[in-house]
Amino acid sequence: PCTVENFKIDALEEILIPPDITGIIGSSDSGKTLLAYSMACALACGGYFLDIKCKSEHRVLYFDCETSKDKIYQYKKRIENAYHYNSSKLNENFIIKSLVGQIDKNAKWNLVDADFQNRIKECIKESKPKFIFFDNLSKLCDNITSQIWKKINKFFKTISEDNKSVIFCHHLNKKGKISGTEDIKNLSQNIIIVRQFQQVMKNYQNIKNIDN
């Protein structure tokens, strides 16, 4: 995988090229959901993600599996105000499906379940998005082994065949490794690692101590 330092990025669409699969991965409370919402808002409004400009506006579909509707509203307003986005444009292009409290307790809430996959496909058919977000894998599937991830990856490829790009959020474990299987990284086209500032400084200090 390439890093930002290896090439110049003129637009966000140059990273999220359909039918690529992109992972936003970080420890709990590292800010990966806020980062994902920032990316989604930028794509919906043709704005900036960090310092990377979008070429144009796009339809975005976001499946949120752990954020309450009140929190989602707060995220959107913070990003909207920070970048001075047009509120009506954001609401038109950015479709959020909050699955928190919306799914039948007796139904399977699992990305490898055929019925659940069909429900997602119906949402995609209805919304006609260019970019599809899933936040996060840990809530959408228990115990992600290599075999389970290959099934999820196959589903992601299926829904991205029609000139779409899939972006998912996932956790790092306590050791700083990808939770579940390293195939999550190996079978994705792009991986964005989100680390807490304290962890970055700790790693820097460890490297400094080794150099000394």
Exercise for review: List every residue pair whose Cβ atoms lie under 8 Å apart, where the two residues are 6 or more positions apart in sequence or sit on different chains, the first residue falls within the stretch 163-182 and is among the aromatic types (Phe, Trp, Tyr), and the second residue, located anywhere, is outside any loop (DSSP other than H, G, I, E, B) and modelled with pLDDT of 90 or more.
Suggested key: 168/21; 168/22; 168/23; 168/24; 168/133; 168/134; 168/135; 168/156
Check your understanding: open to solvent by less than 40 Å² (accessible area, probe 1.4 Å) and among the charged types (D, E, K, R) - does that describe any residue in the stretch 124-133?
Key -> no
Practice item. Restrict the check to the stretch 47-57 and report whether at least one residue is surrounded by fewer than 19 Cβ atoms within 10 Å (Cβ to Cβ) and within 27 Å of residue 179 (Cα to Cα). Key: yes
Check your understanding: Under 9 Å by Cβ, and 6 or more places apart or on different chains, what pairs join a residue from the stretch 119-141 that is without any contact (Cβ under 8 Å) to a residue 60 or more places away in the chain and under 18 Å from residue 34 (Cα atoms) with one that is open to solvent by 10 Å² or more (accessible area, probe 1.4 Å) and among the acidic types (Asp, Glu)?
Key -> 138/66
Check your understanding: Say we look at the stretch 150-182 and pick out the residues that are within 17 Å of residue 65 (Cβ to Cβ) and out of contact with any strand residue (DSSP E or B) (no Cβ under 6 Å at 6 or more places or on another chain); which of these is surrounded by the most Cβ atoms within 10 Å (Cβ to Cβ)?
Key -> 152
Review point. Residues in the stretch 127-140: is at least one farther than 22 Å from residue 18 by Cβ, in contact with a His (Cβ under 9 Å, 6 or more places away or on another chain) and modelled with pLDDT under 95?
Key: yes
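The values are calculated or read from the model by the stated rules, or taken from the named source; none is laboratory data. Here the structure is a predicted model, which is why all the values come from computation and not from measurement. Neighbour counts run over all protein chains shown; Cβ positions are idealised from the backbone, glycine included. Keep in mind that these areas ignore ligands, DNA and RNA; they rest on the heavy atoms of the full protein, side chains included. Shrake-Rupley method; radii C 1.70, N 1.55, O 1.52, S 1.80 Å.
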